[in-house]
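Scroll down for the structure; my scribbles are underneath it.
The values are calculated or read from the model by the stated rules, or taken from the named source; none is laboratory data. Nothing here was measured: the structure is a model prediction, and the numbers come from that model. Glycine also receives a Cβ, built like all others from the backbone with ideal geometry; neighbour counts cover every protein chain displayed.
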Amino acid sequence: MAKHAGIARFTFNWGLATWRTLYCEGLKPNSLVLKKFFNNHVKPVYPWMKEPGICQKVTQYAFEHLGRAFGNFFSGRTSYPKFKKKGQHDSFTIDASGRPIPVGGSRLKLPTLGWVSTYEGLPHVTTKKFTISQEAGNWYISFTYEIEPKVTPKSLDFVGVDLGVKQLATLSSGLVIANPQALRKARQKLARLQRQLQRKLHGSQRDQRQKLRLAAAHQRVKNIRLDATHKATTYICKNHAVVAIEDLNVSGMMANHKLAGAVADANFSEFRRQIEYKAQRYGSCVVLVSRWYPSTQLCSNCGQQQPMSLNARVYECSACGFVADRDFNAAVNLAQYARVAKPSLDTEG
(Lines give C-alpha, C1' and ligand atoms only; values in the text may rest on other atoms or scores of the structure.)
Protein backbone atom coordinates (compact mmCIF):
# COMPACT_ATOMS: atom_id res chain seq x y z
CA MET A 1 0.00 0.00 0.00
CA ALA A 2 2.89 2.36 0.68
CA LYS A 3 4.20 1.63 -2.83
CA HIS A 4 0.82 2.40 -4.36
CA ALA A 5 0.59 5.65 -2.39
CA GLY A 6 4.10 6.57 -3.55
CA ILE A 7 3.21 5.97 -7.20
CA ALA A 8 0.05 8.05 -6.85
CA ARG A 9 2.04 10.86 -5.22
CA PHE A 10 4.77 10.75 -7.89
CA THR A 11 2.21 10.81 -10.70
CA PHE A 12 0.24 13.69 -9.19
CA ASN A 13 3.37 15.76 -8.58
CA TRP A 14 4.67 15.07 -12.11
CA GLY A 15 1.35 16.14 -13.57
CA LEU A 16 1.21 19.30 -11.45
CA ALA A 17 4.79 20.30 -12.35
CA THR A 18 4.19 19.65 -16.05
CA TRP A 19 0.90 21.54 -15.96
CA ARG A 20 2.61 24.59 -14.47
CA THR A 21 5.43 24.44 -17.02
CA LEU A 22 3.07 24.20 -19.98
CA TYR A 23 0.90 26.99 -18.64
CA CYS A 24 3.91 29.30 -18.25
CA GLU A 25 4.75 28.61 -21.89
CA GLY A 26 1.33 29.85 -22.98
CA LEU A 27 -0.34 26.47 -23.49
CA LYS A 28 -3.61 25.16 -22.05
CA PRO A 29 -2.94 21.71 -20.57
CA ASN A 30 -5.54 19.24 -19.32
CA SER A 31 -5.39 16.04 -17.32
CA LEU A 32 -6.38 13.75 -20.22
CA VAL A 33 -3.49 14.87 -22.46
CA LEU A 34 -1.04 14.65 -19.56
CA LYS A 35 -2.23 11.15 -18.68
CA LYS A 36 -1.78 9.92 -22.25
CA PHE A 37 1.73 11.38 -22.49
CA PHE A 38 2.67 9.98 -19.08
CA ASN A 39 1.54 6.44 -19.92
CA ASN A 40 3.32 6.40 -23.29
CA HIS A 41 6.57 8.22 -22.56
CA VAL A 42 7.15 8.61 -18.82
CA LYS A 43 5.96 5.40 -17.20
CA PRO A 44 8.23 3.14 -19.35
CA VAL A 45 11.27 5.05 -18.01
CA TYR A 46 10.49 3.98 -14.43
CA PRO A 47 10.30 0.17 -14.26
CA TRP A 48 9.40 0.24 -10.55
CA MET A 49 5.96 1.55 -11.54
CA LYS A 50 5.20 -1.77 -13.27
CA GLU A 51 6.45 -4.16 -10.61
CA PRO A 52 4.33 -7.28 -9.93
CA GLY A 53 1.53 -6.59 -7.51
CA ILE A 54 1.14 -2.92 -8.54
CA CYS A 55 -2.31 -1.89 -9.78
CA GLN A 56 -1.93 0.21 -12.91
CA LYS A 57 -5.17 2.08 -12.16
CA VAL A 58 -3.33 4.18 -9.58
CA THR A 59 -1.87 6.58 -12.16
CA GLN A 60 -5.23 6.97 -13.92
CA TYR A 61 -6.96 8.16 -10.76
CA ALA A 62 -4.01 10.39 -9.87
CA PHE A 63 -4.62 12.37 -13.05
CA GLU A 64 -8.37 12.42 -12.35
CA HIS A 65 -7.66 13.91 -8.93
CA LEU A 66 -5.34 16.46 -10.54
CA GLY A 67 -8.03 17.50 -13.02
CA ARG A 68 -10.59 17.76 -10.23
CA ALA A 69 -8.19 19.88 -8.16
CA PHE A 70 -7.72 22.34 -11.02
CA GLY A 71 -11.45 22.33 -11.70
CA ASN A 72 -12.13 23.32 -8.09
CA PHE A 73 -9.44 26.01 -8.35
CA PHE A 74 -10.84 27.52 -11.54
CA SER A 75 -14.34 27.58 -10.06
CA GLY A 76 -13.08 29.43 -6.99
CA ARG A 77 -13.86 26.70 -4.45
CA THR A 78 -10.26 25.99 -3.41
CA SER A 79 -6.77 27.41 -3.72
CA TYR A 80 -4.16 26.44 -6.31
CA PRO A 81 -3.20 22.72 -6.14
CA LYS A 82 -0.17 21.90 -4.02
CA PHE A 83 2.47 19.21 -4.34
CA LYS A 84 1.95 16.11 -2.24
CA LYS A 85 4.50 15.19 0.44
CA LYS A 86 5.45 11.75 1.63
CA GLY A 87 3.75 10.79 4.87
CA GLN A 88 1.11 13.53 4.64
CA HIS A 89 -2.34 12.39 3.54
CA ASP A 90 -0.98 9.36 1.66
CA SER A 91 -3.75 7.82 -0.43
CA PHE A 92 -4.53 6.09 -3.72
CA THR A 93 -7.57 4.86 -5.63
CA ILE A 94 -7.98 1.53 -7.45
CA ASP A 95 -10.78 -0.32 -9.21
CA ALA A 96 -11.47 -3.55 -11.11
CA SER A 97 -11.73 -2.07 -14.61
CA GLY A 98 -15.37 -1.11 -14.15
CA ARG A 99 -16.53 -4.50 -12.82
CA PRO A 100 -18.60 -4.46 -9.60
CA ILE A 101 -16.67 -5.63 -6.54
CA PRO A 102 -18.49 -7.48 -3.74
CA VAL A 103 -17.91 -6.16 -0.25
CA GLY A 104 -18.89 -7.66 3.08
CA GLY A 105 -17.55 -8.99 6.35
CA SER A 106 -14.12 -8.42 7.82
CA ARG A 107 -12.18 -9.72 4.78
CA LEU A 108 -11.98 -7.95 1.45
CA LYS A 109 -10.31 -8.83 -1.84
CA LEU A 110 -8.82 -5.71 -3.39
CA PRO A 111 -7.96 -5.58 -7.11
CA THR A 112 -4.32 -6.65 -7.64
CA LEU A 113 -3.52 -6.25 -3.92
CA GLY A 114 -5.38 -9.38 -2.89
CA TRP A 115 -7.05 -10.23 0.42
CA VAL A 116 -6.91 -7.82 3.35
CA SER A 117 -8.54 -7.90 6.78
CA THR A 118 -10.48 -4.97 8.21
CA TYR A 119 -10.86 -3.96 11.83
CA GLU A 120 -14.60 -3.45 11.45
CA GLY A 121 -17.08 -5.54 9.51
CA LEU A 122 -18.18 -4.03 6.19
CA PRO A 123 -21.76 -4.01 4.85
CA HIS A 124 -22.64 -6.60 2.23
CA VAL A 125 -22.86 -4.39 -0.86
CA THR A 126 -21.14 -3.92 -4.21
CA THR A 127 -18.95 -1.01 -5.29
CA LYS A 128 -16.75 -0.06 -8.24
CA LYS A 129 -13.65 1.51 -6.68
CA PHE A 130 -11.79 1.93 -3.41
CA THR A 131 -9.79 4.78 -1.94
CA ILE A 132 -7.17 3.68 0.56
CA SER A 133 -5.52 6.28 2.79
CA GLN A 134 -3.00 6.34 5.59
CA GLU A 135 -3.33 8.36 8.78
CA ALA A 136 -1.22 8.14 11.94
CA GLY A 137 0.30 4.84 10.82
CA ASN A 138 -3.05 3.16 10.11
CA TRP A 139 -4.58 2.38 6.73
CA TYR A 140 -8.23 3.15 6.02
CA ILE A 141 -10.46 2.06 3.15
CA SER A 142 -13.43 4.02 1.82
CA PHE A 143 -15.93 3.33 -0.93
CA THR A 144 -19.37 4.48 -2.05
CA TYR A 145 -22.59 2.53 -2.45
CA GLU A 146 -26.24 3.43 -2.84
CA ILE A 147 -28.60 3.42 0.13
CA GLU A 148 -32.31 4.03 0.44
CA PRO A 149 -33.52 7.01 2.51
CA LYS A 150 -34.83 6.05 5.95
CA VAL A 151 -37.64 8.44 6.79
CA THR A 152 -37.99 8.48 10.56
CA PRO A 153 -40.96 9.68 12.66
CA LYS A 154 -40.45 13.27 13.85
CA SER A 155 -41.07 14.43 17.39
CA LEU A 156 -41.10 18.14 16.37
CA ASP A 157 -41.93 19.88 13.11
CA PHE A 158 -39.55 22.84 13.47
CA VAL A 159 -36.31 23.29 15.34
CA GLY A 160 -33.76 26.08 15.38
CA VAL A 161 -30.10 25.18 15.89
CA ASP A 162 -27.79 27.85 17.25
CA LEU A 163 -24.14 26.85 17.02
CA GLY A 164 -21.72 28.07 19.63
CA VAL A 165 -18.22 27.77 20.97
CA LYS A 166 -18.88 26.91 24.60
CA GLN A 167 -21.82 24.67 23.72
CA LEU A 168 -21.78 22.73 20.48
CA ALA A 169 -25.42 23.51 19.72
CA THR A 170 -28.50 24.89 21.46
CA LEU A 171 -31.89 23.78 20.14
CA SER A 172 -35.14 25.71 20.28
CA SER A 173 -36.64 22.70 22.07
CA GLY A 174 -34.43 23.52 25.05
CA LEU A 175 -31.83 20.79 24.50
CA VAL A 176 -28.22 21.89 24.90
CA ILE A 177 -25.55 19.71 23.25
CA ALA A 178 -22.20 19.98 24.98
CA ASN A 179 -19.01 20.71 23.11
CA PRO A 180 -16.27 18.18 24.01
CA GLN A 181 -13.60 20.84 23.28
CA ALA A 182 -11.16 18.08 22.38
CA LEU A 183 -8.47 20.43 21.10
CA ARG A 184 -8.48 22.61 24.21
CA LYS A 185 -8.24 19.60 26.53
CA ALA A 186 -5.44 18.00 24.51
CA ARG A 187 -3.43 21.18 23.94
CA GLN A 188 -1.01 20.54 26.81
CA LYS A 189 -0.33 16.97 25.66
CA LEU A 190 0.14 18.06 22.05
CA ALA A 191 2.62 20.73 23.13
CA ARG A 192 4.61 18.17 25.13
CA LEU A 193 4.74 15.73 22.22
CA GLN A 194 5.79 18.54 19.90
CA ARG A 195 8.66 19.53 22.22
CA GLN A 196 9.78 15.91 22.39
CA LEU A 197 9.78 15.74 18.60
CA GLN A 198 12.02 18.80 18.36
CA ARG A 199 14.67 17.04 20.45
CA LYS A 200 14.87 14.02 18.16
CA LEU A 201 17.48 13.72 15.43
CA HIS A 202 15.74 14.44 12.15
CA GLY A 203 15.32 11.29 10.09
CA SER A 204 16.16 8.85 12.91
CA GLN A 205 13.92 5.98 13.99
CA ARG A 206 13.03 7.77 17.23
CA ASP A 207 12.06 10.79 15.17
CA GLN A 208 9.72 8.63 13.08
CA ARG A 209 8.17 7.00 16.17
CA GLN A 210 7.62 10.38 17.80
CA LYS A 211 5.93 11.67 14.65
CA LEU A 212 3.51 8.74 14.83
CA ARG A 213 2.76 9.52 18.50
CA LEU A 214 2.04 13.14 17.65
CA ALA A 215 -0.10 12.16 14.65
CA ALA A 216 -2.06 9.69 16.79
CA ALA A 217 -2.75 12.42 19.36
CA HIS A 218 -4.02 14.77 16.65
CA GLN A 219 -6.14 11.97 15.20
CA ARG A 220 -7.73 11.34 18.59
CA VAL A 221 -8.72 15.01 18.81
CA LYS A 222 -10.24 14.79 15.35
CA ASN A 223 -12.14 11.59 16.17
CA ILE A 224 -13.61 13.01 19.39
CA ARG A 225 -14.76 16.10 17.53
CA LEU A 226 -16.31 14.09 14.69
CA ASP A 227 -18.01 11.68 17.09
CA ALA A 228 -19.77 14.52 18.91
CA THR A 229 -20.78 16.15 15.62
CA HIS A 230 -22.15 12.90 14.16
CA LYS A 231 -24.22 12.13 17.25
CA ALA A 232 -25.67 15.64 17.38
CA THR A 233 -26.53 15.91 13.68
CA THR A 234 -28.04 12.41 13.59
CA TYR A 235 -30.31 13.20 16.52
CA ILE A 236 -31.41 16.52 15.03
CA CYS A 237 -32.23 15.13 11.58
CA LYS A 238 -33.96 12.01 12.86
CA ASN A 239 -36.32 13.82 15.23
CA HIS A 240 -37.15 17.12 13.48
CA ALA A 241 -38.93 17.72 10.19
CA VAL A 242 -37.50 21.19 9.46
CA VAL A 243 -34.07 22.23 10.72
CA ALA A 244 -33.14 25.93 10.68
CA ILE A 245 -29.42 26.70 10.88
CA GLU A 246 -27.42 29.85 10.20
CA ASP A 247 -25.23 30.21 7.14
CA LEU A 248 -22.15 31.23 9.12
CA ASN A 249 -19.07 32.82 7.56
CA VAL A 250 -16.68 30.24 8.97
CA SER A 251 -13.71 31.33 6.85
CA GLY A 252 -14.10 34.89 8.11
CA MET A 253 -14.30 33.68 11.71
CA MET A 254 -11.18 31.56 11.21
CA ALA A 255 -9.32 34.66 10.03
CA ASN A 256 -9.59 36.06 13.57
CA HIS A 257 -6.64 34.52 15.39
CA LYS A 258 -8.38 34.99 18.75
CA LEU A 259 -11.34 32.85 17.67
CA ALA A 260 -9.75 30.48 15.15
CA GLY A 261 -8.87 27.74 17.65
CA ALA A 262 -12.30 27.73 19.31
CA VAL A 263 -14.13 27.86 15.98
CA ALA A 264 -12.08 24.96 14.62
CA ASP A 265 -12.80 22.98 17.80
CA ALA A 266 -16.55 23.63 17.37
CA ASN A 267 -16.51 22.14 13.84
CA PHE A 268 -19.03 24.58 12.33
CA SER A 269 -18.48 23.70 8.67
CA GLU A 270 -18.63 19.94 9.26
CA PHE A 271 -21.76 20.37 11.39
CA ARG A 272 -23.59 22.10 8.54
CA ARG A 273 -22.33 19.58 5.96
CA GLN A 274 -23.61 16.66 8.01
CA ILE A 275 -26.95 18.36 8.65
CA GLU A 276 -27.50 18.83 4.92
CA TYR A 277 -26.82 15.26 3.80
CA LYS A 278 -28.43 13.58 6.82
CA ALA A 279 -31.59 15.61 6.33
CA GLN A 280 -31.99 13.95 2.92
CA ARG A 281 -31.31 10.54 4.42
CA TYR A 282 -33.89 10.81 7.22
CA GLY A 283 -36.58 12.78 5.37
CA SER A 284 -35.98 16.22 6.90
CA CYS A 285 -35.72 19.67 5.38
CA VAL A 286 -32.98 22.25 6.01
CA VAL A 287 -33.60 26.01 6.07
CA LEU A 288 -30.42 28.06 5.76
CA VAL A 289 -30.84 31.39 7.52
CA SER A 290 -28.81 34.34 6.26
CA ARG A 291 -25.78 35.22 8.35
CA TRP A 292 -27.13 38.79 8.52
CA TYR A 293 -30.37 37.73 10.18
CA PRO A 294 -30.25 39.22 13.73
CA SER A 295 -31.26 36.04 15.55
CA THR A 296 -29.28 37.04 18.65
CA GLN A 297 -30.66 40.58 18.84
CA LEU A 298 -34.35 39.77 18.33
CA CYS A 299 -36.67 39.01 21.23
CA SER A 300 -38.30 35.65 20.59
CA ASN A 301 -41.34 36.75 22.64
CA CYS A 302 -42.28 40.14 21.15
CA GLY A 303 -39.90 40.65 18.22
CA GLN A 304 -38.12 43.69 19.68
CA GLN A 305 -34.57 44.16 18.33
CA GLN A 306 -31.83 45.47 20.56
CA PRO A 307 -28.01 45.32 20.45
CA MET A 308 -26.24 42.51 22.30
CA SER A 309 -22.61 42.51 23.39
CA LEU A 310 -20.55 39.35 22.97
CA ASN A 311 -20.01 38.89 26.70
CA ALA A 312 -23.74 39.05 27.54
CA ARG A 313 -24.98 35.51 27.99
CA VAL A 314 -28.57 36.36 29.02
CA TYR A 315 -31.06 38.14 26.78
CA GLU A 316 -33.20 40.72 28.62
CA CYS A 317 -35.82 42.38 26.45
CA SER A 318 -36.24 46.09 27.18
CA ALA A 319 -39.76 46.12 25.70
CA CYS A 320 -41.57 43.15 27.29
CA GLY A 321 -39.14 42.11 30.02
CA PHE A 322 -38.60 38.65 28.54
CA VAL A 323 -35.47 36.96 29.96
CA ALA A 324 -33.84 33.90 28.41
CA ASP A 325 -30.47 32.38 27.66
CA ARG A 326 -28.77 34.12 24.76
CA ASP A 327 -28.30 30.96 22.65
CA PHE A 328 -31.77 29.60 23.41
CA ASN A 329 -33.36 32.90 22.37
CA ALA A 330 -31.42 32.81 19.08
CA ALA A 331 -32.46 29.18 18.47
CA VAL A 332 -36.14 30.05 18.98
CA ASN A 333 -35.82 32.93 16.51
CA LEU A 334 -34.33 30.54 13.94
CA ALA A 335 -37.24 28.14 14.45
CA GLN A 336 -39.73 30.98 13.96
CA TYR A 337 -37.89 31.99 10.78
CA ALA A 338 -38.29 28.42 9.51
CA ARG A 339 -42.04 28.51 10.23
CA VAL A 340 -42.35 31.54 7.96
CA ALA A 341 -40.14 29.96 5.28
CA LYS A 342 -42.01 26.60 5.38
CA PRO A 343 -45.62 27.47 6.31
CA SER A 344 -47.07 24.38 4.57
CA LEU A 345 -45.41 22.02 7.01
CA ASP A 346 -46.69 24.04 9.93
CA THR A 347 -50.23 23.79 8.56
CA GLU A 348 -49.92 20.05 8.05
CA GLY A 349 -48.62 19.60 11.60
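Sort through 197, 201, 212 and tell me the only one that's of a type outside the set (Asp, Glu), touching a residue at least 40 places away in the same chain (Cβ under 8 Å) and not assigned by TED's automatic domain parsing to the domain that holds residue 263.
Answer to the selection: 212.
Report yes if some residue within the range 170-189 is at positive phi, more than 21 Å from the chain's Cα centre (by Cα), surrounded by fewer than 14 Cβ atoms within 10 Å (Cβ to Cβ) and touching a residue at least 40 places away in the same chain (Cβ under 8 Å); otherwise report no.
Yes; the residues of the range 170-189 include at least one that is at positive phi, more than 21 Å from the chain's Cα centre (by Cα), surrounded by fewer than 14 Cβ atoms within 10 Å (Cβ to Cβ) and touching a residue at least 40 places away in the same chain (Cβ under 8 Å).
Taking only the range 1-45 into account, find how many residues are within 22 Å of residue 111 (Cα to Cα) and part of a loop (DSSP other than H, G, I, E, B).
1
Can you pull out every residue in the range 111-129 that is surrounded by 14 or more Cβ atoms within 10 Å (Cβ to Cβ) and among the hydrophobic types (A, V, I, L, M, F, W, C)?
The answer is 113, 116, 122, 125.
Please enumerate the residues belonging to the range 93-110 that are of a type outside the set (S, T, N, Q), buried (at least 16 other Cβ atoms within 10 Å of the Cβ), in contact with a Lys or Arg (Cβ under 8 Å, 6 or more places away or on another chain) and modelled with pLDDT of 90 or more.
Hits for the range 93-110 are 94, 95, 101.
Which pairs do you get when a residue that is over 28 Å from residue 216 (Cβ atoms), found in the range 71-99, comes within reach of a residue that is β-branched (Val, Ile, Thr) and surrounded by 10 or more Cβ atoms within 10 Å (Cβ to Cβ), reach meaning Cβ atoms under 7 angstrom, with the pair 6+ apart or on two chains?
Here the result reads 72/78, each pair linking the range 71-99 to a residue that is β-branched (Val, Ile, Thr) and surrounded by 10 or more Cβ atoms within 10 Å (Cβ to Cβ).
Only one of 290, 300, 309 is buried (at least 18 other Cβ atoms within 10 Å of the Cβ) and of a type in the set (Ser, Thr, Tyr). Can you tell me which?
Just one listed residue meets the conditions, 300.
What single numbered condition from (1) under 23 Å from the mean Cα position of the chain (by Cα); (2) in a helix (DSSP H, G or I) fails to hold for residue 206?
Tallying (1) under 23 Å from the mean Cα position of the chain (by Cα); (2) in a helix (DSSP H, G or I), residue 206 fails exactly one: (1).
Okay, residues lined up against (1) on the phi < 0 side of the Ramachandran plot; (2) within 27 Å of the chain's Cα centre (by Cα); (3) of a type outside the set (D, E, K, R):
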{"site": "254", "(1), (2), (3)": "yes, yes, yes"}
{"site": "276", "(1), (2), (3)": "yes, yes, no"}
{"site": "287", "(1), (2), (3)": "yes, yes, yes"}
{"site": "293", "(1), (2), (3)": "yes, yes, yes"}
{"site": "301", "(1), (2), (3)": "yes, no, yes"}
{"site": "312", "(1), (2), (3)": "yes, no, yes"}
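Would you pick out the residues in the range 145-187 that are of a type in the set (S, T, N, Q) and either more than 30 Å from residue 103 (Cβ to Cβ) or touching an Asp or Glu at 6+ places or on another chain (Cβ under 7 Å) (or both)?
Correct list: 155, 167, 170, 172, 173, 179, 181.
Just checking: which of the strands (runs of 3 or more DSSP E) contained wholly in the range 58-130 hold 2 or more residues that are in contact with a helix residue (DSSP H, G or I) (Cβ under 8 Å, 6 or more places away or on another chain)? Before you say what the answer is, go through the steps one by one.
Values: elements: 91-95, 101-110, 114-127.
Answer list for the range 58-130: 91-95.
Would you mind finding the one in 278, 258 that is assigned by TED's automatic domain parsing to the domain that holds residue 243, within 17 Å of residue 232 (Cβ to Cβ) and either surrounded by fewer than 17 Cβ atoms within 10 Å (Cβ to Cβ) or of a type in the set (D, E, K, R) (or both)?
278
Would you tally the residues in the range 131-149 being outside any strand (DSSP E or B) and within 11 Å of residue 90 (Cα to Cα)?
In the first step, residues of the range 131-149 are kept if they are outside any strand (DSSP E or B); the result is 136-137, 143-149.
In the following step, the residues that additionally are within 11 Å of residue 90 (Cα to Cα) were identified as 136-137.
The total comes to 2.
Given the criterion farther than 24 Å from residue 147 by Cβ and either aliphatic (A, V, I, L, M) or not assigned by TED's automatic domain parsing to the domain that holds residue 166 (or both), identify the matching residue among 190, 226.
190
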